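A short write-up of the structure that comes next.
The values are calculated or read from the model by the stated rules, or taken from the named source; none is laboratory data. Only a predicted model underlies this, so the values are computations on that prediction, with no experimental measurement involved. Cβ sites come from the backbone with ideal geometry, for glycine too, and all protein chains shown count toward neighbours.
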Amino acid sequence: MKKILSLFASIALSIGTASPASAMERAEEDNNNPRVVSLGGCTGFLYSPRIVLTAAHCLSHNGVEYPMRAMRPGLRTTWNVNDSNSVKVIKRFAHPAYVDRNGQIAAHLNDFGVLVLDRPLANVTTASLITEEEAIALSNARGNVYSTGYGYQSKADRESAKVDPRYVLPATAKFPLIPIAEIQPRVERHKAWSHVLEIYPDNVLAVSQAQGGPQTCDGDSGSGYYLRDGDEFTYFGVLAWPLGITNCYGGDGTPDGSDATVGVFPVYLGLETIAEAEAYLASISPKWSVNQKTLSAFSSYATGLTSQQKAQVKAAVEANPAADKFICTGIRYYSQPMSVNIMVRKRAKAACEYAKQLNPNLSTWYQNKPTRASSYAGKVLLTVKSPNY
């Protein structure tokens, strides 16, 4: 608890030279964020290498689950989505009590969803999840949380996106939480002002979004609210229905100019859905994904790497961003003298040392083995193992 509370006193959003916002209006571009992913119309939070947290209403359209992909964290959006910049969604889980919206009369209820990906999207650790006790304490302390999204800048931007590609970066903003006792009174005021909205979830927490400051919009759906301390992320919850914002919807905000009230579905109410996704992933995945690559031939008795071989090692490292085991095997033809073991072992050592230089987080191991396939004699086999989360 003390660590979580101290984050609000110590974290400052790092902003360089101001540039035009590309997603959440009046927020700051954040293309280096390792957790934010575009879902093609929605935003998601990369909880672990193969699990994305988002909104339940982003999982389908009118009850139909269309093909869906998650772009690599922080990338600029594009209509050219492929295997080089994204990963396919293979399973979707909605909160068991999710209820879709009813026009402007009823907001989404329990709007929380989880996506399972076909393969690791990025080399990240599993994010922490805030507890109910921590979330309530932070809310009552009016602490700040971050949110990052790919939403539209304006109503005009939303209309243009229907026919023109959007090439935008994610944007991050920081918002103050609303004390628990103040949330429902604010919701009731918004209901009275709208003359339309009748049902709004009563189990959400909420943030204030100032008029004239950063505000959410279409495309920010599914955005996560989170705490950040360097590379450590603590997920707080998912963006819920906004009340009283001026951005995007063309509304007039609030009659008295007060801040908008934006709900946050807290993650501690979605733990069952996350556990269901993790169980599914464990059921379909072997413990490790294995990729192998044989380096090009060495010349005579050389034990150092050529520029071509270095490029091959680098390609193997970069192609497996979630890898944590890198094994280099020097190969001796079975009928060659045992003294050749020393040479091929040195070659394997050189390959593993270079891989470790490229990615210090790798656990490397070099060895030598015999073969009866003469085409492999004298070469080095790279075996890259990545955990399936």
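Please indicate, with yes or no, whether at least one residue in the stretch 249-256 is closer than 29 Å to GLU159 by Cβ and among the β-branched types (Val, Ile, Thr).
Yes: one or more hits.
Considering every residue within the stretch 19-41, establish whether at least one is modelled with pLDDT of 95 or more, surrounded by 23 or more Cβ atoms within 10 Å (Cβ to Cβ) and polar (S, T, N, Q).
Scanning the stretch 19-41, I find no residue that is modelled with pLDDT of 95 or more, surrounded by 23 or more Cβ atoms within 10 Å (Cβ to Cβ) and polar (S, T, N, Q), so the answer is no.
Restricting the first residue to the stretch 280-298 and requiring it to be assigned by TED's automatic domain parsing to the domain that holds LYS314, which pairs with a second residue that is surrounded by fewer than 15 Cβ atoms within 10 Å (Cβ to Cβ) and modelled with pLDDT of 85 or more meet a Cβ separation below 6 Å and a spacing of at least six or different chains?
Qualifying pairs under 6 Å: SER296/GLN308.
Restricting attention to the stretch 270-277, does a residue exist that is closer than 19 Å to GLY149 by Cα and either touching a strand residue (DSSP E or B) at 6+ places or on another chain (Cβ under 7 Å) or among the acidic types (Asp, Glu) (or both)? Show your work before the answer.
Taking the stretch 270-277 and keeping what is closer than 19 Å to GLY149 by Cα, we get none.
No, the conditions are met nowhere in the stretch 270-277.
Sort out which residues of the stretch 207-227 are of a type outside the set (Gly, Ala, Ser) and part of a strand (DSSP E or B), and write them in order of number.
First, the residues of the stretch 207-227 that are of a type outside the set (Gly, Ala, Ser): 207, 209, 211, 214-218, 220, 225-227.
Result: VAL207, GLN209, GLN215, TYR225, TYR226, LEU227.
Give the residue, chosen from SER289, SER335, that is polar (S, T, N, Q), surrounded by fewer than 16 Cβ atoms within 10 Å (Cβ to Cβ) and at pLDDT below 95.
On the way: SER289 fails: surrounded by fewer than 16 Cβ atoms within 10 Å (Cβ to Cβ).
SER335 is the lone residue from the list that is polar (S, T, N, Q), surrounded by fewer than 16 Cβ atoms within 10 Å (Cβ to Cβ) and at pLDDT below 95.
Go through the stretch 161-177 residue by residue and tally those that are at pLDDT 75 or above, within 17 Å of SER223 (Cβ to Cβ) and part of a loop (DSSP other than H, G, I, E, B).
Going residue by residue through the stretch 161-177, those that are at pLDDT 75 or above are 167-177.
Still in the running and within 17 Å of SER223 (Cβ to Cβ): 168-177.
Among the residues that remain, those that are also part of a loop (DSSP other than H, G, I, E, B) are: 168-170.
Residues in the stretch 161-177 being at pLDDT 75 or above, within 17 Å of SER223 (Cβ to Cβ) and part of a loop (DSSP other than H, G, I, E, B): 3 in total.
Given the condition part of a loop (DSSP other than H, G, I, E, B), in contact with a Cys (Cβ under 8 Å, 6 or more places away or on another chain) and in contact (Cβ under 8 Å) with a residue 24 or more places away in the chain, answer yes or no: does some residue in the stretch 54-68 qualify?
Yes - at least one qualifying residue is present in the stretch 54-68.
Taking THR254 as the residue in question, decide whether it is in contact with a His (Cβ under 9 Å, 6 or more places away or on another chain), assigned by TED's automatic domain parsing to the domain that holds ILE105 and over 24 Å from GLY41 (Cα atoms).
For THR254, the condition - in contact with a His (Cβ under 9 Å, 6 or more places away or on another chain), assigned by TED's automatic domain parsing to the domain that holds ILE105 and over 24 Å from GLY41 (Cα atoms) - is met.
Need a quick list: helices (runs of 4 or more DSSP H) entirely within the stretch 271-389 having at least 2 residues that are more than 30 Å from ARG92 (Cα to Cα) and touching a Cys at 6+ places or on another chain (Cβ under 6 Å). Walk me through it before giving the result.
Working: elements: 271-284, 307-318, 340-358.
The qualifying helices (runs of 4 or more DSSP H) are 340-358.
Being at negative phi and buried (at least 20 other Cβ atoms within 10 Å of the Cβ) is the requirement here; does ASP83 meet it? Steps first, please.
On the way: at negative phi: yes; buried (at least 20 other Cβ atoms within 10 Å of the Cβ): no.
Answer is no for this residue.
Identify the single condition in (1) over 19 Å from ASN123 (Cα atoms); (2) surrounded by 16 or more Cβ atoms within 10 Å (Cβ to Cβ); (3) in contact with a helix residue (DSSP H, G or I) (Cβ under 9 Å, 6 or more places away or on another chain) that ALA302 does not satisfy, given that it satisfies every other one.
(2)
Quickly run through the stretch 75-101 and pick out the residues that are closer than 25 Å to PRO201 by Cβ and hydroxyl-bearing (Ser, Thr, Tyr).
TYR98
Output yes when any residue across the stretch 109-119 is exposed (fewer than 14 other Cβ atoms within 10 Å of the Cβ) and either basic (Lys, Arg) or assigned to a loop (DSSP other than H, G, I, E, B) (or both), and no when none is. Quick ask: steps written out before the conclusion?
Taking the stretch 109-119 and keeping what is exposed (fewer than 14 other Cβ atoms within 10 Å of the Cβ), we get none.
No, the stretch 109-119 contains no residue that is exposed (fewer than 14 other Cβ atoms within 10 Å of the Cβ) and either basic (Lys, Arg) or assigned to a loop (DSSP other than H, G, I, E, B) (or both).
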